[in-house]
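Take a look at the structure set out below.
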Amino acid sequence: MAENIVLEHFGMNCGATALPGEIDFNFRIKAKVGKDYILKISRPGEDDDYLDFQQKLLLYIADNGENLIAPKVVSDLQENVITTITDAHGKSRKVRLLTWVSGRLWSTVNPQLDDLRKSLGEHCGKLTKALQGFDHPQAHREFDWDIAQSLWTKNHLNLFKGKEKDLILFYQQTFEALQKSYSKLRKGVVHNDANDNNIIVSDALIHPHVVTTIDYGDSCHTQVINDLAVACAYGIMGHNNPLEASLSIVKGYHEQYALTEGEIEHLYWCIAMRLVISVTKSAINKIKEPDNAYLQISERPAWELLMKWKEISPEFALFSFRQACGFSVHPDSGKFEKWAAQNRFSLTDLFPTVDKNKVHHLDLSVSSKWIGHREEFNDLEFFQFKIDRLQKEYPDRILAGGYLEPRPLYTSTEYDKVGNSGPESRTIHLGIDFWLPEKTPVHALFDGEVVIAVNDAGDKEYGGLLILRHELDGFGLYSLYGHLTVASVSSKKVGQRINKGECIGHLGNYPENGNWVSHLHFQLMHSLLDNKKDFPGVTYPKQKEVWQGLCPDPNLLFKLKELAQKQETTNQELIDYRRKHLGKSLSLQYKNPIKIVRGEAQYLLDQYGQKYLDTVNNVAHVGHENYKVVKAGQEQMALLNTNSRYLHDQINILAQELLQTLPQALNVVHFVNSGSEANELAMRMVKAATGLKDIIASEVGYHGNTNMCIDISSYKFDGKGGKGAPEHTHIIPLPDAFRGKYRGFDSGSKYAEEVQLQIDAIHKKNRKPAAFIIEPIISCGGQIELPNGFLDKAYDYVRRAGGLCISDEVQVGCGRMGKTFWGFQLYDVVPDIITMGKPLGNGHPLAAVVCTQEVAEKFANGMEYFNTFGGNPVSCAIGSAVLQTVKNEGLRKNAQLVGEFLKVELKALAEEFPIIGDVRGQGLFLGIELVDSKKNPLPDQTDYLVDRMKDHHVLMSIDGPDHNVLKIKPPLVFTQENARELLCYLKKILAEDFMKSWVD
């Protein structure tokens, strides 16, 4: 039918495809020649004026919407913009043809990120601006989807029960109470229906943007803010933090069509009422048209959003909207700052019994060296000792600081949450801490009234808490006093008047003051939000700007230069300096690099205190800044550090710890400083022991950055800037059973024959092989497990030819394999030399070469080997602590259990997402290779995945000659819960549009 209509009335041969719609019957028209269109066929009896309204609105946009993409009206053969037809039942229907705007529906786009939502706000703002001056009688019709008329929903409360009914009633009653101010807001004709099936998004899979909105059937004359509310209501569905998701839409809209402060005050409630309309409509439609799925399509996400919306403080939402639009977060901010500039308070006003008016800034930030290790700042007795000692250094000053300080001190997970981009923790401190002895009296700075008095001993947040409200010079202000004694707060009652200078409490101490040593947390607030019994003293980094506007700097009262806010060095400034003054080949991870200032076990922390789950740092073998390892190094460094020419227990202890993990044949140790140096020394040993130079190595192998190591590293000399294999280096194909020269389970013997071929080639030059070096799992090659039967045969061929066998364990050693302590043990072979590095020092420069007695004897040929730092007492103490930690804390077993769990789950994920072509590795040394259906590598998708995982606070990295392998080699303290988190975000991002684009 649709095809015939278009041919008869518009003169076009076409194909037609039905589209969903609430009122009209819609069809996509693909003309045989020319553009695509959308055909809209009305229901019988449709109001002619209503259709005229829509067409004239589109014509108005075409004339006034500069740089605005919108469907255009197409006239029929008689130049009519509305065509009348008679259907098969003899009923009259109206037909309209509009140009088709290509792109994707918002509902099909994944992910929907901030820049996309901002473009939605921008488009809606441009459209509202373009419609200024347009009017039509139908724009003023009675319309259920007009938020201004939304109180009709009160007549259908009977359709709901329990919590759902209470929720709807709450919003209806509040919206009704706001009608006086709401009715005075600006009005105009707006689109009013930017829902997820009416928004057209560009086809770009990375950084898409909104092209246009379609379907103008819901357009009406109403409060302008309602249009933004509609866009927000649909644009933030499905997000863990809908308020955060809305802010980019609000910002984009405001940039194109400036909102007033009064309009912003109603936005939270308008969003809620649009959702109330939606769920009410769905409830009605389930009765009227139970089989029409389209009418109910938004019911579940609308209810989910409505419930999440209720959990958000309306005031906090308002302040967030104001901040997004560039207004001061709180209207009183300017008044307070002006007043504070004209008034100055002394510390003795706050602490009259403490004769000190100066402070020493105490840095408790995430990058502070003073707070030390996590184990130390969690030890309150030791923390108090450090405070006391610091106070003795500055006897005439109060220790103070903390405003907007990102702190790692808040180790409780009670306030942790999962945001729109992964886990978030509260780290940003909102007040100033004054560190003073317990029982120190605290006095009011100005007249006030008690509004909150909490005397809960051991309260995690504050212990004894007092909040006062003050009426100052034409504005209100709250002051908060945390960590008081319970007794001093118990005497205060809500509503009690407090005079300036009056003692309001005394400082408490652990445990009654909230699990802290004695100090005062002093904070100012412009609003209590919805708090009746408490108030946050710490917030999330993403909300810092809003809370900064809500909780002004208390130092504005005291004006202490030591507490003045300092301008932090930006990441871009750090990048610019590196580019200018550090080595030009020094690279950074990620398109938007992150600054890391602290490590904790399997996590890295940025300058804001936000944690990143580290899945790639095998250097921090037993966990970042492992306390036992750190202490071992500190204690030995404080005692002695010198070279190995002197007798010392530590070098023997470490050697003994190492040899206990190795076969008896490997029993001579040489200590060095890095994996590169270890492999360099191994090459010297080989030449001394055999008198030969020819080395056999693997394609894409990497063995270090010294000259000799580069000469045997195909990863370097066959890569960018390389010049190919040197004369005495012989490369076998990468023994990759998945995508290599030989494939499958039985490929090991074929790759071993490649070793023999290189031996033959060396023989043809009248030389013999000196050694064969390979990693048990080839890291830079893409976490390649050596095929079954390969290594034992390759070792046999090399030894028959007179060469030595070297196992490079720099990446895989020290228990990471789980099943075995060393990688070579996976294959039931014993090398002549093994080299180790990264994990042995847990980040400290420590490495070793272990060889047989025979090799050691030949190496000791009269030329002394001496290493200034190799085997020094500090390094050895650290290495011993690492090995002892692996053994005593069962980390090898943990690597096996967690690694097996992860490997099984990753293979299950590969069933769901065929882009995962191979999952391989052992223990906590795994690789995930991304390929298309023909096993072609997908480096772009791999790069995208790693960057998106970083956005969710999971750090990953890429390996492989085609840059398409995700490597997983975390600290051995990585848990099964960490593995689940990794899998969760991998699954989420693998489902995103760009990750699926390889199918096309």
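Remarks
- Scanning the stretch 955-1000 for residues that are part of a helix (DSSP H, G or I) and either over 17 Å from residue 108 (Cα atoms) or in contact with an Asp or Glu (Cβ under 6 Å, 6 or more places away or on another chain) (or both) yields a total of 13.
- Filter pass, residue 98 being modelled with pLDDT under 95 and over 27 Å from residue 255 (Cβ atoms): yes
- Strands (runs of 3 or more DSSP E) fully within the stretch 392-503 counting 1 or more residues that are at pLDDT 95 or above and of a type in the set (S, T, N, Q): 476-484
- Close contacts from the stretch 321-348, counting a first residue that is in the same structural domain as residue 555 (by TED's automatic domain parsing) and of a type in the set (Lys, Arg) and a second that is assigned to a helix (DSSP H, G or I) and surrounded by fewer than 18 Cβ atoms within 10 Å (Cβ to Cβ), with Cβ to Cβ under 7 Å and a gap of 6+ residues or different chains, come to none at all.
- Selection count, the stretch 254-266, where residues are assigned to a helix (DSSP H, G or I) and either more than 19 Å from residue 114 (Cβ to Cβ) or in contact with a Lys or Arg (Cβ under 9 Å, 6 or more places away or on another chain) (or both): 8
- Selection of first residues in the stretch 419-440 that are farther than 20 Å from residue 605 by Cα and of second residues that are assigned to a strand (DSSP E or B) and of a type in the set (Val, Ile, Thr), restricted to Cβ pairs under 6 Å at least 6 apart or on distinct chains, gives the following pairs, ordered by first then second residue: 434/398.
- Within the stretch 371-398, tally of residues that are closer than 23 Å to residue 557 by Cβ and buried (at least 20 other Cβ atoms within 10 Å of the Cβ): 1
Residue-wise test of (1) under 30 Å from residue 860 (Cβ atoms); (2) surrounded by fewer than 20 Cβ atoms within 10 Å (Cβ to Cβ).
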position: 577; (1), (2): no, yes
position: 592; (1), (2): no, yes
position: 621; (1), (2): no, no
position: 641; (1), (2): yes, yes
position: 645; (1), (2): yes, yes
position: 656; (1), (2): yes, yes
position: 671; (1), (2): yes, no
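- Unique match (being in contact (Cβ under 8 Å) with a residue 12 or more places away in the chain and on the phi > 0 side of the Ramachandran plot) among 482, 549, 501: 501
Each row is one residue, and each column tells you yes or no for (1) buried (at least 16 other Cβ atoms within 10 Å of the Cβ); (2) hydrophobic (A, V, I, L, M, F, W, C); (3) not assigned by TED's automatic domain parsing to the domain that holds residue 779.
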position	(1), (2), (3)
933	no, no, yes
942	yes, no, yes
949	yes, yes, yes
959	yes, no, yes
972	yes, yes, yes
981	yes, no, yes
986	yes, yes, yes
997	no, no, yes
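- Meets criteria (outside any loop (DSSP other than H, G, I, E, B) and surrounded by 23 or more Cβ atoms within 10 Å (Cβ to Cβ)) for residue 908: no
- Subset of the stretch 108-140 [crowded, with 18+ Cβ neighbours inside 10 Å and of a type in the set (Gly, Ala, Ser)]: 119, 121, 125, 130, 139
- Filter result for residue 122 (assigned to a loop (DSSP other than H, G, I, E, B), within 30 Å of residue 260 (Cβ to Cβ) and either assigned by TED's automatic domain parsing to the domain that holds residue 227 or modelled with pLDDT under 95 (or both)): no
- Residues that are over 20 Å from residue 201 (Cα atoms) and either among the small types (Gly, Ala, Ser) or in contact with a His (Cβ under 9 Å, 6 or more places away or on another chain) (or both), drawn from the stretch 227-259: 258
- For the stretch 141-181, a residue qualifies if it is surrounded by 13 or more Cβ atoms within 10 Å (Cβ to Cβ) and not in a helix (DSSP H, G or I), and the qualifying residues are 141, 143, 144, 145, 146, 160, 178.
- Residue in the stretch 394-401 that is within 25 Å of residue 312 (Cα to Cα) and in contact with a Lys or Arg (Cβ under 6 Å, 6 or more places away or on another chain) present: no
The values are calculated or read from the model by the stated rules, or taken from the named source; none is laboratory data. Predicted model only: the values in this text are computed from it and were never measured. So basically every Cβ, Gly included, is an ideal-geometry build from the backbone, and we count neighbours across all protein chains shown.
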